[in-house]
């Protein structure tokens, strides 16, 4: 009975996301297909994966997306990005959301690196192109997705060294870059900025107190000549604004258009902007 209920909920969620709508995106979706990507100390670390309808891994290799939930490095659940994963799957991508051990930022980054490597390493089984992987996340999840791909250190010795963690794009929902991270260079994004940053879209509310840390990193990236960051601002919004409607829909539409611009999606978003008129504002060039 539980299995049948999960199937029904998944189908309903897929339908609600695949059909053009206004702001009636579901607040949550049934879990994706579960996978274990590592077992440190005997504890399974999981990811859930959502697949496009009729996806055949033997015949199709599509871009893959892997997102990491927020929660201040001490909490959070996979539910945060289930709706986003289901939506991107309805648009033709294989999309995963992965957990990670909580409490220590170094360990969080190490696990994010392991999850990306596992995702790439199982590309044939999943029907994804390992050379077209997108990552990102919200708040703490945005932070660890950045360090997992930019910092060459903090690798799990058990991971396959021949698989790198490079990606072709980022989707960042108010990534939490903390000034206090400067005490540890391994988790300080500012210590690992590069001029060849892949294209990224970043969402922030203009009332988000975490934006100060982002602004420093953004300014440093720009000083390196980086022109690949599309910073989108939500007027009047605070931290984690993207978790609720109508902003969830607004950010998903923007992320969809961003991925299409990079050649990672085709066609137009299957969601419509909210009838209430909320919209993002591109950050002004300075």
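Here is how the numbers come out for the structure above:
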{"item": "Cα gyration tensor shape for the range 176-250, rounded if a/c is under 1.5, else prolate or oblate", "result": "oblate"}
{"item": "More than 18 Å apart - percent of Cα-Cα pairs taken over the range 133-190", "result": "36 percent"}
{"item": "Debye-sum result for the range 45-93 in log10 I(q)/I(0), which assumes one identical scatterer on each alpha carbon, at q = 0.25, 0.29, 0.32 Å⁻¹", "result": "-0.95, -1.14, -1.27"}
{"item": "Beta bridge orientation in the range 161-286: antiparallel %, DSSP, nearest 5", "result": "15 percent"}
{"item": "Relative contact order for the chain, counting Cα pairs under 8 Å that sit 6 or more residues apart, in percent", "result": "17 percent"}
{"item": "GNM flexibility winner over the chain from 270, 60, 39 (Cα, springs under 10 Å)", "result": "39"}
{"item": "Spacing of the two label points (7 Å from each Cα toward its C-beta) at residue 206 and residue 276, in nm", "result": "1.9 nm"}
{"item": "Packing-based exposure ordering (other Cβ within 10 Å, fewest first) of 134, 144, 233", "result": "233, 134, 144"}
{"item": "Kirkwood hydrodynamic radius (C-alpha pairs) into Stokes-Einstein, the chain, 20 °C and 1.002 mPa s, D in µm²/s", "result": "113 µm²/s"}
{"item": "Packing-based exposure ordering (other Cβ within 10 Å, fewest first) of 164, 184, 256, 196", "result": "196, 184, 164, 256"}
{"item": "Which of 229, 187 has the fewest Cβ neighbours within 10 Å, and the rest in rising order", "result": "229, 187"}
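Every number here is computed from the coordinates shown, using simple stated rules; none is lab data. Here the structure is a predicted model, which is why all the values come from computation and not from measurement. A quick note on method: Cβ atoms are made from the backbone with ideal geometry, for glycine too, and the neighbour counts reach across all protein chains shown.
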